[in-house]
C-alpha cells in the first residue's frame, strides 16, 4: 500500500513539475516575444522621432525619401499655375549630409550634394517650381547644419518654422533668393503674399551661414542671434529684420506691428560678422536694440534701423552708412565709409575713428551728418567732404575734421580738450560754446602748425584758396586756454579768454 501511494505521489509530483516547467518555458517565450515586439516598436518609433524630414499628413503630394547616395530628399508638391510649391512638414532638419529639394523634371539630374537625383513624379503634369516653400507645423525648431540644394530647375526658397531656425554650417545651392523666417505665412490661392512674425528666434551658430551664391538672403524673426559669420557675395542683398512685423514678399517691404520688447532683438557676437553686397538691419519693436560686436562689411549701403539702442564695432561700407533710431547710436569701433554717413538718433556716441570719403574714385557727395538731441565724440571723425552736426548738446573731446565746411548747430557746444578743424570754413551756431584747452582751426591749419608757430614766434600768413574760409561762432563763448585760429574770424559774446588765443588771418 505504501508502495502504491509512493508511486502515485511521484507521478503527481512529476506531473506538477512538468506543468511548472512548461509554464516557465512559456513565460520566458512570451517574455522574449514581448521584448522583441517592444524593441521593434521602439525602433520604429525612434525612426519616426529622429527622421530628418517628415511631411504633414495634410500636405498633398509632398514626399520624403532618400537619394541613391543616402542624402535626405524632399519631392516637392506640384506647383500651382504661378509656379509656387507649398510643402507642409511636421519635421524638417538638415544634417551635415544635406537636403535635396527635388524640383527635377528630367529622368535624372546631377547635384553637388547628393550626386544623381531621379525625376520628381509630382512634376509630371506641371512645370517645375519657381518658388519652393517649406512650413513646419510640428513643435521642433529647424536645424540647418548642411547644404540645402534645389535639384533641377533653379528656384527661390522660403523656409518657415515658428519654433525657430538655427543655422550652423548651412549653405544653399541652385537658388537665388532664400528667406528664413519664424513667421506665419500668408497664402492666397496657393501664392505667398506676406509673412507675419510674432515669435521665434533665428540663430546663426559658430560654423556660420554661407550664402555666396545668393542674390538675396532674408532673415525674419522675433529675435535674431548671430554667433557666426554670414558670408554672401558682393551682389547679395542681406536683410536682417527682428521684432513683430509683417513682410510683403513681392515688394520686400517691412512694416512694424508696434509691439514692445525690452532687450536686444538683434544680437551679433564678437565672431558674428556679416559680409554682403548691401546690408539692411531692422529692429521693429519699441525698446528693442541692435548690438553687433562683429564686422559689418558691405560693398554697397549699410542701413541700421531700430526703436532701441544701436551699437556697432567695426563697420566698412562701400557706399553710404545710415543709422536711424529713437534711442542711442553707439559707435565703438573703426568705421570707414566710401561716401556718406547719416545718423539720426536721440543720442549719438562716437568712441572710435570714423572716416568718410576714403575712396577717391567714389562718385557723389561725401559727408557726415549727425542729428540727435545729444552728441558725444571721444575719437576722431574725418570727412573728405562736409560735416554737419545738429544737436541740442554737443560734447567733443576728440577731433572733428572735414576737408570742406564744418557746421555745428545746437544749444550748447563743449569742445574742452577737443579739436574742430576744417580745410575751409567752420560755422558754430550755438547759444553757448566752451573751448577750454580746445582748438578750433580753419583753412587747413592743424594743432601741430599752431605749436610750431608758437615755438618759432611766427605766423603762417600764406593764402589758402578755398570756396569758404574762416570761422564764425555765434552765441556766448568761453575760450579759456583755448586756441581759435583761421581766416576772417567772427565771434559772438566772448565770456572768457584767460590765456586763450584768438588769431585771425584777416578781419576779426
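When each of the peptides 285-293, 372-380 is scored by the mean number of other C-beta atoms lying within 10 Å of its residues, the order from highest to lowest reads 285-293, 372-380.
The ranking of 215, 446, 223 from fewest to most other beta carbons within 10 Å of each one's beta carbon is 446, 215, 223.
Going by average Cβ neighbours within 10 Å, how do the peptides 64-74, 310-320 rank, with the highest at the top? Before the final figure, lay out the partial values.
Details: 64-74: 17.8, 310-320: 21.2.
The most tightly packed comes first, giving 310-320, 64-74.
Normalising the average separation of contacting C-alpha pairs (under 8 angstrom, six or more residues apart) by the number of residues puts the relative contact order of segment 300-379 at 26 percent.
Summary of the geometry: segment 268-331 and segment 384-400, compared by the centres of their Cα atoms, lie 21 Å apart.
Compute the relative contact order of segment 78-175 as a whole-number percentage, counting only Cα pairs closer than 8 Å that sit 6 or more residues apart in sequence. Answer for segment 78-175 is 34 percent. Comparing Cα centroids, segment 151-183 and segment 123-144 end up 9 angstrom apart.
No value in this document is a laboratory result; all are computed from the given coordinates. Given the structure is predicted, the values throughout are model-derived calculations rather than measurements. Positions of Cβ are backbone-derived with ideal geometry, glycine not excepted, and every protein chain shown enters the neighbour counts.
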